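Undergrad: Sharing a structure with you now.
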Number of protein chains: 2
Amino acid sequence: MAIPLASEYPSKKLGDRALETTLRDRRQKLSRLVHCPVVLWSGRRLSRNFPANQYPFRASSHFLYFAGVSLENAAVRLESGRLELFVDDPDPAEELWVGEMPKRHEMARLIGADAAFPLSELGSRCEGAATIAVQDGTTPSQQAQLLGRSLSSPTEPRGIDAELANAIVTLRSQHDTAALSDIRTAVSASIEAHKAGMKATPNSNTEAQVRAAMEGVILSHNMTVAYNSIITTHGEVLHNERYDRALKPGDLLLADVGAEMPTGWASDITRTWPVSGRFSATQRDIYDVVLAAHDRAIAEVRPGVEYRNIHLLAARVIAEGLVNLGILIGNPDTLVETDAHALFFPHGVGHLLGLDVHDMEDLGDRAGYEKNRARSERFGLRFLRLHRPLLENMVVTIEPGFYQVPGILNNPQNREKYRQVVNWERLEMFADVRGIRIEDDVLVTEDGSEVLTANLPTQAEAIEHLVRG
Amino acid sequence: MAIPLASEYPSKKLGDRALETTLRDRRQKLSRLVHCPVVLWSGRRLSRNFPANQYPFRASSHFLYFAGVSLENAAVRLESGRLELFVDDPDPAEELWVGEMPKRHEMARLIGADAAFPLSELGSRCEGAATIAVQDGTTPSQQAQLLGRSLSSPTEPRGIDAELANAIVTLRSQHDTAALSDIRTAVSASIEAHKAGMKATPNSNTEAQVRAAMEGVILSHNMTVAYNSIITTHGEVLHNERYDRALKPGDLLLADVGAEMPTGWASDITRTWPVSGRFSATQRDIYDVVLAAHDRAIAEVRPGVEYRNIHLLAARVIAEGLVNLGILIGNPDTLVETDAHALFFPHGVGHLLGLDVHDMEDLGDRAGYEKNRARSERFGLRFLRLHRPLLENMVVTIEPGFYQVPGILNNPQNREKYRQVVNWERLEMFADVRGIRIEDDVLVTEDGSEVLTANLPTQAEAIEHLVRG
């Protein structure tokens, strides 16, 4: 069962009532934006192969934001700054198997709820309430039943549900002190994991062994991975989830691994390092191009800046670097305008980070895209997940990359369209660079930015040094 | 995506066609037991907090048994020993993100399918087919739609679905060579994990750090945990999933951790060790009682023996041991008849092990209980998961334990009922024994048994030695 004992929470949260204060502040802000009651469900556990063998429970992020604790099969009702908690008291017969569990009134006290009820009371308190559908496949029907109406799709909410989604985007886009504290803690574990992965590489024969070293650090902090780790010598496979390949001395290893706090707050870091502890000359050349894009992009992060311009800047720096290496031919600005950079950097430069690693992506592009903006059809822009002016206390990732994706580079239309701007012969000399990505988590501050992941080096020499130990 | 490349499979399976042969044998056996077509679905990925962030895919065990490989959103149709595979070819647009994926015809060849079709063809091939509902919450509605009928509950199948469930129980109860090979490999990784956990204990401050060492070994073998690990100083919480507690020198640490192969085959091992590397006298006394029950139970494992009698034997050995320690008072046989042992050993002595750690538990007690047998109401028997005569090539766990569960020992009715058979004052001297379990995986052989987990010691001195290193 996922209901933690009150003692599981950091005592400071119990002691100085920081959690209570944080949650009160969040719902008071919500009440200024939404003028109807709001009911948010946490969701249920999902079965793996038989009912009793379940995936670890992850509560809905919207619930976590306002409830602060991961409770299974629970709901909160928010209205005019008031918090009501709905959860059943633990079944005494269950305690044999799962141990002593906190009672409803204990959880209510912990989170500063104004009232607490068994779930059976929820139906009578749902009238006129806005909500967002939980992602677990089973809770939405319960939500619809209790609300007495059909449920909006989270990506296309209607009426009061749209009003709620907009308000949540407003709130969750700019993190408060408690959120930033948890993100920093998650980042800290992730940095340790990446260092452990680099250190473990010389003694590892497979990707899986490096994964074990990295995720072991995250587990040792009693955290979980925020997303399925990518730890691969085939970095050109952007969402690679295989770990079975042997490590070879000439390989680059791309590791995209981030820890998540028990409270749900995430981190998201990528580093790419040479298995041998030494970049080849070609690997180093490309690495430095990606790093230049990374550094230039981060230098632009501050309130008011259009994130898309940061993406385009990264694209331009990559194009320029590839021109200098003789891989691309032409004027870097023109190359970006014609999406030639996207042959090698086909994804966006980053995304919002928060309770979800792609924060609020359950709402589609509502969080990532300013109102009345939509995804571009352009090859070089269509995978951009964030297209808004940056705001103070947003956390964004900056993660440019270079990849040789066969599906892109061997595509006959691309071959034809970019015939004259790619030096394909020259490119063949860089065959030992399958994929490089460098990703940091960046907080937008009042007058600039803070790289939350700054304690993990990005410079090629420093990376080599960490691998060689 | 979870569709692995063919190269991910052990080359021997590709090379010597062992997988093909195994699968053909399984479906030929099925065809002798079921006289209608059978369609089994693999299931879909489940979302964690937003659609693109998903739990690692686990195919339905029934699908895995006949398909041999973990394919997402696929189905097999079995009829008269013939195998048809239904899966869509990978979407070329997806390959940018997930890399090159095997084509349908490659998968079909790998598993020896007689034919392969896109999923769109499945509807026209479903008539009159038996099935078992997948556990993922979304596939069952697809199953019902394509079959054109309502779906049986897996625990209460009707008609041809019941016929199929019975046949599957018959087949999957007695493992073939390929299954045993994979179980042995999973066992081997689990043994290594347990040794790593013991070794890591002196340098660990929390349960989470020991967990990291243990699960790290499993990850390093590119396996997953077969179930959520239990690694706890509160062994009396039988399904404990917390890892946040500090380790204290006088604590016992109970670790119930098992690896699962990429093919789905599971292992399940529990050991209990002293954090300090030395059992206290009281811990050692109880440990030896549990170990005696474990050893005596395993000695009884052979074809034809009623598993419930093994459970009762373990209960009797525990009762006798607790009488000798002065904790229980009376005749051991009488104590077991009155369920007094269950005050301290409230669960069953084990269960079937296979593709599921509680094998085929999605079918309720159909696999665990002989036809026309049902769960006992008795306190000492009602949690017994297996009540059949043992058959050759079954794998069962043997896992007696001793626990001081507050909910049981402080229950006023138990206090009254067992007033005269428990020396409560004496029991207080054993307060440093919260929970002990010793669990091995045992193969029923032609004329006896083989302890698959025999390479992991059970003797107290050997355990102490492994912890102290």
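The values are calculated or read from the model by the stated rules, or taken from the named source; none is laboratory data. Please read these numbers as outputs of a predicted model, since none were measured by experiment. Glycine also receives a Cβ, built like all others from the backbone with ideal geometry; neighbour counts cover every protein chain displayed. The protein model used for the area step is the full one, side chains on, heavy atoms only, and it has no ligands, DNA or RNA in it. Shrake-Rupley method; radii C 1.70, N 1.55, O 1.52, S 1.80 Å.
Undergrad: Ignore the peptide's own chain and count Cβ atoms of other chains within 10 Å of each Cβ in B:202-215; give me the average, rounded.
TA: For peptide B:202-215, the averaged partner shielding equals 3.
Undergrad: While we're on this one: So what's the angle, to the nearest 10 degrees on a 0 to 90 scale, between helix B:207-220 and the longest Cα principal axis of chain B?
TA: So the inclination is approximately 40 degrees.
Undergrad: How large is the accessible surface per residue of the protein assembly as shown, computed with a 1.4 Å probe and reported in Å² as a whole number?
TA: 37 Å²
Undergrad: Let me ask something else. Does any residue of the range B:26-50 lose at least 20 Å² of accessible area with all protein chains in place compared with its chain alone, and if so which ones (probe 1.4 Å)?
TA: B:Arg45, B:Leu46, B:Ser47, B:Arg48, B:Asn49, B:Phe50
Undergrad: Compute from the Cα atoms of the range B:165-243 the Rg and the Dmax, the latter being the longest Cα-Cα distance, and quote both in angstrom.
TA: In order Rg, Dmax, the Cα atoms of the range B:165-243 give 15.7, 50 Å.
Undergrad: Continuing with this model, one more query. Of A:Lys199/B:Lys199; A:Lys199/B:Lys248; A:Lys103/B:Lys195; B:Lys195/B:Lys248; A:Lys248/A:Lys417, which ones are farther than 27 Å apart at the Cα?
TA: A:Lys199/B:Lys248; A:Lys103/B:Lys195; A:Lys248/A:Lys417
Undergrad: Around B:Glu95, what is the net charge, scoring Lys/Arg as +1 and Asp/Glu as -1 over all other residues with Cβ under 12 Å from its Cβ?
TA: -4
Undergrad: Moving on. Once amide H atoms are built 1.01 Å from N in the peptide plane, which residues 5 or more positions from B:Ile269, or in another chain, come under 5 Å H to H?
TA: B:Val257, B:Gly258
Undergrad: Next up: Would you mind putting B:194-200, B:91-97 in packing order, based on average other-beta-carbon counts within 10 Å, highest first?
TA: Per-residue mean Cβ counts within 10 Å order the peptides as B:194-200, B:91-97.
Undergrad: Defining a contact as two alpha carbons under 8 Å apart and six or more residues distant in sequence, what relative contact order in percent does the range A:136-215 show?
TA: 16 percent
Undergrad: Let me ask something else about it. How big a patch of accessible area, both sides summed and in Å² to the nearest 100, lies buried between B and A at a 1.4 Å probe?
TA: Values: alone 19940 and 19930 Å², together 34830 Å².
Answer for the B-A pair: about 5000 Å² buried.
Undergrad: Okay, moving on. With the Cα gyration tensor of the range A:319-398 in hand, convert its eigenvalues to equivalent ellipsoid semi-axes via √(5λ) and list them largest first in whole Å.
TA: 28, 13, 11
Undergrad: As a test of understanding, state the convex hull volume per residue of the protein assembly as shown from its alpha carbons, in Å³.
TA: On the way: hull volume 155.5 nm³, N = 938.
That works out to 166 Å³ per residue.
Undergrad: I'd like to compare A:80-88, A:314-322, A:183-191: which one has the highest average count of other Cβ atoms within 10 Å, and what's the full order after that?
TA: Taking the mean over residues of other Cβ atoms within 10 Å, the ranking is A:314-322, A:183-191, A:80-88.
Undergrad: Taking every DSSP beta bridge that has both residues in the range A:61-207, what percent is antiparallel when rounded to the nearest 5?
TA: Percentage antiparallel, nearest 5: 65.
Undergrad: When DSSP beta bridges are limited to those with both residues in the protein assembly as shown, what percentage is antiparallel, rounded to the nearest 5?
TA: 90 percent
Undergrad: Given a 1.4 Å probe and every protein chain left where it sits, what share in percent of the accessible area of the range A:6-173 is carbon and sulfur?
TA: 48 percent
Undergrad: Carbon and sulfur atoms: what percent of the 1.4 Å accessible area of the range B:177-468 do they account for?
TA: Carbon-and-sulfur percentage of accessible area, whole number: 47.
Undergrad: Okay, moving on. Taking beta carbons within 10 Å but only from partner chains, what does the mean come to for residues A:406-418?
TA: What the average comes to for A:406-418 is 1.
Undergrad: OK, next. With an 8 Å cut-off on Cα pairs and a minimum separation of 6 or more residues, tell me the relative contact order of chain A in percent.
TA: Details: 947 pairs, mean separation 68.6, N = 469.
Rounded, it is 15 percent for chain A.
Undergrad: Where the Cα atoms of the range A:61-113 are projected onto their three principal axes, how long is each span, largest first, in whole Å?
TA: Computed over the Cα atoms, the extents are 39, 21, 14 Å.
Undergrad: Can you tell me the convex hull volume per residue for the range B:315-469, based on C-alpha atoms, in Å³ to the nearest whole number? Don't skip to the answer; put the middle values down first.
TA: Working: hull volume 23.5 nm³, N = 155.
So the per-residue hull volume is 152 Å³.
Undergrad: In addition: With Kirkwood's inverse mean 1/r over C-alpha pairs for Rh, give me the Rg to Rh ratio of the range A:6-173, two decimals please.
TA: 0.96
Undergrad: Loop only by DSSP, 11 or fewer other Cβ within 10 Å of the Cβ. Give me the trypsin sites (Lys or Arg not before Pro) in the range A:329-392 that pass, ordered by residue number.
TA: For trypsin sites (Lys or Arg not before Pro) across the range A:329-392 that sit outside H, G, I, E and B with at most 11 neighbouring Cβ atoms in 10 Å, the list reads A:Lys371.
Undergrad: Around B:Asn324, what is the net charge, scoring Lys/Arg as +1 and Asp/Glu as -1 over all other residues with Cβ under 13 Å from its Cβ?
TA: -1
Undergrad: Between the alpha-carbon centers of the range B:274-315 and the range B:410-464, tell me the distance in whole angstrom.
TA: 6 Å
Undergrad: In degrees, nearest 10, range 0 to 90: what is the angle between the Cα axis of helix A:159-173 and the longest Cα principal axis of chain A?
TA: Between the helix axis and the principal axis of chain A, the angle is about 60 degrees.
Undergrad: Return the distance in nm (one decimal) between the two label points of a simple spin-label model at B:Ala454 and A:Gln459, each offset 7 Å from Cα along Cα→Cβ.
TA: Going from the B:Ala454 label point to the A:Gln459 one covers 5.8 nm.
Undergrad: Related question: Compute the angle between helix B:281-299 and the longest alpha-carbon principal axis of chain B, please, reported from 0 to 90 degrees and rounded to the nearest 10.
TA: With both axes taken from Cα atoms, the answer is about 50 degrees.
Undergrad: What does the C-alpha gyration tensor say about the overall shape of the range B:123-218? Classify as rounded when a/c is under 1.5, otherwise prolate if a/b is larger than b/c, or oblate.
TA: Prolate shape, in that a/c is at least 1.5 and a/b is the bigger ratio.
Undergrad: Another question, then. Would you mind listing how long the range B:177-468 runs along its three principal axes, going by Cα atoms, in whole Å with the largest first?
TA: 52, 50, 30
Undergrad: Do any GluC sites (Glu not before Pro) in the range B:397-469 lie in a DSSP loop with no more than 11 other beta carbon atoms within 10 Å, and if so, which?
TA: Answer by residue number: B:Glu446.
Undergrad: Note every residue of the range B:229-259 with a reduction of at least 40 square angstrom in accessible area, all protein chains present versus the isolated chain, computed with a 1.4 Å probe, or write none.
TA: Buried by 40 Å² or more upon assembly, which counts only protein chains, are B:Val237, B:Leu238, B:His239, B:Glu241, B:Arg242, B:Asp244.
Undergrad: When Lys and Arg each count +1 and Asp and Glu each count -1, what net charge do the other residues less than 11 Å away from B:Trp273, Cβ to Cβ, add up to?
TA: +3
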